[in-house]
Structures are given as structure tokens and as C-alpha cells.
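Chemist: Sharing a structure here in C-alpha cells format.
Quick note: the coordinates plus some simple rules give every number you see, no bench work behind them. Just so it is clear, the model here is predicted, and its values are computed rather than measured. We place every Cβ from the backbone using ideal geometry, glycine too, and count neighbours over all the protein chains shown.
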Amino acid sequence: MTDRKTELAENLAKVEDRIAAACAAAGRGREEVTLIVVTKTYPASDVRILSELGVRHVAENKDQDASPKAAECADLPLTWHFVGQLQTNKVRSVVRYADVVQSVDRPKLVTALSREAVRAGREIGCLVQVALDAGADGRGDRGGVGPGGIEELASLVTDSPGLRLDGLMTVAPLTGEYAGRERAAFERLVDLSTALRSGRPAANMVSAGMSADLEEAVAAGATHVRVGTAVLGVRPRLG
Ligand SMILES: *Cc1c(COP(=O)(O)O)cnc(C)c1O
């Protein structure tokens, strides 16, 4: 194995151990939690190695970084998640490679995703991104809609051709009542997911937890954890 492959294999094994231990502690089956490796800022060669090591889900947060990378990796059996704030002028590019957009947070974005998904002949899974630190305007600093805005977006996605409502996503808030309380934040997301699923049982994805707080997310009931740094290393630049 190359040095990089050895390094990524070791990091993946550590993350796998953490997820397995968190599942065991929570009395959950390991198969209830899916690992998504966040490959943002890292090269296509790393994505290829991860695929060889058995990773099946990757995530990106910037179209200009993700688009050429996904094209280079088009032969790999990967599901691509888009997890960044998404401008409507990038939607046409993103629907070419993204299977799931986790950062759906406003009606205009749903309309654009639907139009471009239909044009591309693709079905895009959508997660409503929930901002648990939303201000009075109902929006979060790093994207997302406040809990009061979930229903409107969920209905819109459900009624939009080319889109499929898959569930909810959040990032642990740095400010507000949930700052420093990751477990409580993720439990709140799971409660919101329970409410969403009462009318839409298929929208059962709960995407929460990153390198620093994946245990809290698994304990709260997350179905998907998004891990970057713990697998690939500290990113060379902010992303
Ligand atoms: C970068 C990123 C992650 C991964 O964060 P790490 O701390 O590197 O594990 C997860 N989710 C989103 C939305 C991200 O932008």
C-alpha cells in the first residue's frame, strides 16, 4: 500500500471503531448508522483510495471543488452528498453529480433543484438543513432553516418533480441555546425527524455528527454521520 493508503486505512479503522462503540453504547445495530466521508479540499486521488478501502458515501461542500473531482471519480461506486451552502446558480452543476443534497434550506433552492433535476433526467434526494441557532429571521448563520420552516420545505420537496424527500440534516450550533450541547441539539433534530416521519415515513435520514461529535449524534439516533478531519486529516485551508 502507498503511504497515503495506509494512513487513510488506519484513520478509517479508528473512525469505524468509534462508530461501532457508539452504536454498542446506544444499543443500536452498527448497520443503523452510515458513514459519509467528507472529502472537501482533498484530491480525487484520495476519493479513489477511500473507494478502494470500501467507503461508499462521500460529501463535498463547494461546487467548484466537487465538480471536477466527481467527474474524475465517475467510474467509482460512490454516492455523492452535497453538504454546503448552495447558490441557485450552482444548482445545474451540482445535480450532475450529487445524489443527495443535504443543505436544502429555502424555497428558491427547491425550485431550482427540481428544474435542473428534471432537465438532467435525475432524481435528487433532499434533506432539509435545520438551523438550531436560527435567529428571528428563521435562518442560521451557516445555512439552514429554523424548525418552524421545515414543514413548508418538506411539502415543497415532496410536490416537486425530480426530487425525493429523504430527511433532515443539522450542524451542531456554535451559538444560541444549543451551543456546546451537541447531544441536546442532535436529540432535538431526532424529535423533529419523528414529527416529519409521522406523515412521510420514507424521509427517515437523520444526518448529524462530524469528527468531533459523532458519538453524541449516534447516541441521539442519527442515521448518517459526516466525518472529514478524522479520516483525511486537518484540512490545509478552511472549507
Ligand atoms: C466539513 C463538514 C463536515 C465534516 O467536518 P469534520 O469536522 O472535518 O469531520 C461535516 N458536515 C459539514 C456540513 C461540513 O461542511
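Chemist: Rounded to the nearest 20 debye, what is the charge dipole size of the stretch 6-146 about its Cα centre when +1 sits on each Lys and Arg Cβ and -1 on each Asp and Glu Cβ?
Modeler: Values: 19 positive and 20 negative charges, 114 e Å.
With only Lys, Arg, Asp and Glu charged at Cβ, the dipole is about 540 debye.
Chemist: Using 0.36 nm times the number of residues separating ALA212 and THR88, minus their current alpha carbon distance, what extension gain do you get?
Modeler: Values: separation 124, 0.36 × 124 = 44.64 nm, distance 3.04 nm.
The span from ALA212 to THR88 would gain 41.6 nm if fully extended.
Chemist: Let me ask something additional. For the stretch 114-214, run through the trypsin sites (Lys or Arg not before Pro) and keep only the ones in DSSP coil with at most 16 other Cβ atoms within 10 Å of their Cβ. Intermediate results must be reported in sequence, preceding the final value.
Modeler: On the way: sites: ARG115, ARG119, ARG122, ARG139, ARG142, ARG164, ARG181, ARG183, ARG188, ARG197; in loops: ARG122, ARG142, ARG181.
Listed in order of number, the matching sites are ARG122, ARG142, ARG181.
Chemist: Can I ask one more? Which of rounded, prolate or oblate describes the stretch 3-232 when judged by the alpha-carbon gyration tensor and an a/c cut-off of 1.5?
Modeler: Values: a/c = 1.67, a/b = 1.09, b/c = 1.52.
Here the stretch 3-232 falls in the oblate category.
Chemist: Can you tell me the mean projection area, over all orientations, of the convex hull of the stretch 31-156's alpha carbons? Units nm², please. Let's see the in-between values first.
Modeler: Numbers: hull surface 33.5 nm².
For the stretch 31-156, the mean projected area of the Cα convex hull comes to 8.4 nm².
Chemist: I've got another one for you. Can you compute the modelled spin-label distance between GLU151 and GLU10, with each label point 7 Å from Cα toward Cβ, in nm?
Modeler: The modelled label-to-label distance comes out at 5.2 nm.
Chemist: Pop the C-beta distance of ALA120 and ALA179 into the FRET formula with R0 = 41 Å and round what comes out to the nearest 0.05.
Modeler: Numbers: r = 39 Å, r/R0 = 0.96.
My answer for the efficiency is 0.55.
Chemist: In deg cm²/dmol, rounded to 500, what helix-only [θ] at 222 nm does the chain give when every DSSP H run of at least 4 residues adds -39500 (n - 2.57) and the total is split over its residues?
Modeler: Details: 9 runs with 102 residues, N = 239.
Result for the chain, helices only: -13000 deg cm²/dmol.
Chemist: Can you run phi through the Karplus equation (6.51, -1.76, 1.60; θ = phi - 60°) for the stretch 106-117 and list ³J(HN,Hα) in whole Hz, with x for Gly and Pro?
Modeler: 7, x, 4, 5, 4, 4, 5, 4, 5, 4, 6, 5
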